[in-house]
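The values are calculated or read from the model by the stated rules, or taken from the named source; none is laboratory data. Note that this is a predicted model, so its numbers are computed, not measured. Note that each Cβ is placed from the backbone with ideal geometry, even for glycine, and that neighbours are counted across all protein chains shown. Ligands, DNA and RNA are stripped out before the accessible areas are found, and what is left, the full protein with its side chains, is counted by its heavy atoms. Shrake-Rupley method; radii C 1.70, N 1.55, O 1.52, S 1.80 Å.
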Amino acid sequence: MKSWLFAYFLLVSIISARAQDHEESNYDETKVPKYTLPKPLKTQAGKKISNAGEWEDLRKPEILRLFEDNVYGQLPNDYDSIKFTTVREDRKSMDGKAHLKEVLIQVFRINKSVNINLILFTPTNAIKPVPAFLLINNRPKENTDPSRLQKSEFWPAEEVINGGYAIAAIHVSDMAPDDPKLFMNGVLQLYPEQLAADNGMRTIGAWAWGASRVMDYFQKEILVDETKVAIVGHSRGGKASLWAAAQDERLALCISNCSGSTGAKLARRQFGERIMRINTSFPHWFTPNYKKFNDNEDLLPVDQHMLIALAAPRPVYATSATEDLWADPRGTFLALKNAEKVYKLYGSKLGLGNTPPALNTAVIESPLAYHNRIGDHNMTLFDWKNFIRFADYHFGEKR
């Protein structure tokens with residue numbers, strides 16, 4: 001058989017298999033099994049957590065370890081050195097509205113290095129360091145084209161600049177190629193011990209690690225207010241944004257767009273994509289230990305409301321789309337709701353409500369925010385306009 005014909009039939013079989021996966025998944029609320037969520041405010045030893053101090057000292061580190069050991073893997077932050085080099089600069093980008101910097105971030109460990117390419121636009125009219133949105137880009141690099149010859153709603157840089165914010169992006173391939181045969185050709189070259197560990201970091205962890213290295217740079221970049229950085233991710237990037245925020249408290253705000261399974265939706269609902277499916281389709285994303293919970297969500301010592309809670313009291317905005325049942329919009333809302341009890345420990349003024357808001361209606365005046373956009377699995381201008389409003393509210397950037 002000719003190679004092209006073989007490739008064609010292989011592609012058809014993959015598409016058919018994935019379509020079958022979707023058909024076999026549950027999209028019926030009446031078929032969601034009864035479940036009991038693990039309690040974020042009760043330690044493994046049975047102690048009830050009653051204040052923010054106890055949460056920070058006792059329960060938060062415990063939950064963080066449970067996610068490391070069972071889901072995302074360890075997230076090492078030791079390295080020998082880090083170097084920042086501006087490789088291109090344009091002070092009159094976007095018809096003079098923006099200052100472009102393309103920065104090479106080089107991280108060194110055990111006589112090896114990894115290169116992270118950062119694209120950063122800041123408003124030229126800013127009179128002080130500005131807050132920033134940082135995207136973990138899992139789409140083609142053309143979506144974050146620094147020349148602006150190609151523009152995309154997925155990363156509407158002009159809209160963000162006009163809002164008075166900096167906007168930055170890194171591409172996932174720099175940290176870990178999204179390929180089960182190549183994912184180790186990046187950050188994991190610096191940490192070979194992770195590949196040998198059942199709770200070792202894999203792809204999602206490597207992407208989160210990369211976001212932290214950008215924060216290392218932002219602490220030295222005078223154009224950016226490093227105390228007001230919002231981490232943004234869509235789909236698999238949204239999973240990484242949540243994990244980055246859980247690990248790195250320098251990230252002041254987290255946005256997780258349509259992140260679904262092992263992102264912002266509850267696993268125990270078994271609605272849409274389940275753990276076995278995501279581990280089968282993407283075996284390189286999570287720690288090997290995670291496969292123990294294939295078709296056994298109830299055995300997990302955590303669920304995703306606890307991941308969201310790890311960011312407390314920092315704001316978290318999770319989104320859904322009406323045509324994206326695979327990512328379970330209701331389960332995403334419920335994960336946020338079940339994280340509220342942790343935010344209450346900090347005296348946070350909660351405004352999410354007890355039921356999901358109307359479609360295309362964003363709840364943003366709350367540290368736990370949500371919207372369900374009409375449309376498909378994507379990140380659009382509608383989403384970004386609300387991300388800007390969310391940042392305006394929480395960063396106090398009234399305009």
Ala339 fails exactly one of (1) farther than 16 Å from Lys265 by Cβ; (2) open to solvent by less than 10 Å² (accessible area, probe 1.4 Å), namely (1)
Checking Ser235 against (1) closer than 18 Å to Phe390 by Cα; (2) of a type in the set (S, T, N, Q); (3) within 8 Å of the chain's Cα centre (by Cα), the condition it does not meet | (1)
Return the total of residues in segment 357-369 being open to solvent by 40 Å² or more (accessible area, probe 1.4 Å) and either at negative phi or among the charged types (D, E, K, R) (or both).
-> 4
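Let's see how each residue does on (1) touching a residue at least 40 places away in the same chain (Cβ under 8 Å); (2) open to solvent by 10 Å² or more (accessible area, probe 1.4 Å); (3) outside any loop (DSSP other than H, G, I, E, B):
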{"site": "Gly347", "(1), (2), (3)": "no, yes, no"}
{"site": "Thr355", "(1), (2), (3)": "no, yes, no"}
{"site": "His371", "(1), (2), (3)": "yes, no, yes"}
{"site": "Phe382", "(1), (2), (3)": "no, yes, yes"}
{"site": "Lys385", "(1), (2), (3)": "yes, yes, yes"}
{"site": "Phe390", "(1), (2), (3)": "yes, no, yes"}
Filter result for Asp95 (open to solvent by 40 Å² or more (accessible area, probe 1.4 Å), under 26 Å from Trp207 (Cβ atoms) and not in a strand (DSSP E or B)) | no
Residue check, Leu182 at pLDDT 95 or above, under 24 Å from Pro40 (Cβ atoms) and either open to solvent by less than 10 Å² (accessible area, probe 1.4 Å) or among the hydrophobic types (A, V, I, L, M, F, W, C) (or both) | no
State whether one or more residues within segment 111-132 are of a type in the set (Ser, Thr, Tyr) and open to solvent by less than 10 Å² (accessible area, probe 1.4 Å).
-> yes
Quick one: which of Leu266, Leu190, Leu182 is in contact with a His (Cβ under 7 Å, 6 or more places away or on another chain), aliphatic (A, V, I, L, M) and farther than 30 Å from Lys128 by Cα?
-> Leu266
Inspect segment 61-79 for any residue being touching a Lys or Arg at 6+ places or on another chain (Cβ under 7 Å), at pLDDT 95 or above and either open to solvent by 40 Å² or more (accessible area, probe 1.4 Å) or outside any helix (DSSP H, G or I) (or both) and give the result as yes or no.
-> yes
Would you pick out the residues in segment 191-227 that are of a type in the set (Asp, Glu) and either surrounded by 16 or more Cβ atoms within 10 Å (Cβ to Cβ) or within 21 Å of Asp80 (Cα to Cα) (or both)?
-> Glu193, Asp216, Glu221, Asp225, Glu226
Kindly indicate whether Trp209 is of a type in the set (Phe, Trp, Tyr) and closer than 18 Å to Ile63 by Cα.
-> no
Can you find even one residue in segment 270-291 that is under 18 Å from Asn338 (Cα atoms), of a type outside the set (A, V, I, L, M, F, W, C) and open to solvent by 10 Å² or more (accessible area, probe 1.4 Å)?
-> yes
Could you tell me which numbered condition Asp216 fails, if it satisfies all but one of (1) closer than 21 Å to Pro140 by Cβ; (2) over 16 Å from the mean Cα position of the chain (by Cα); (3) among the charged types (D, E, K, R)?
-> (1)
Reported set for segment 214-227 where residues are outside any loop (DSSP other than H, G, I, E, B) and over 20 Å from Asp174 (Cβ atoms) is Asp225, Glu226, Thr227
Any idea which of Ala267, Ala230 is surrounded by 24 or more Cβ atoms within 10 Å (Cβ to Cβ) and either basic (Lys, Arg) or in a loop (DSSP other than H, G, I, E, B) (or both)?
-> Ala267
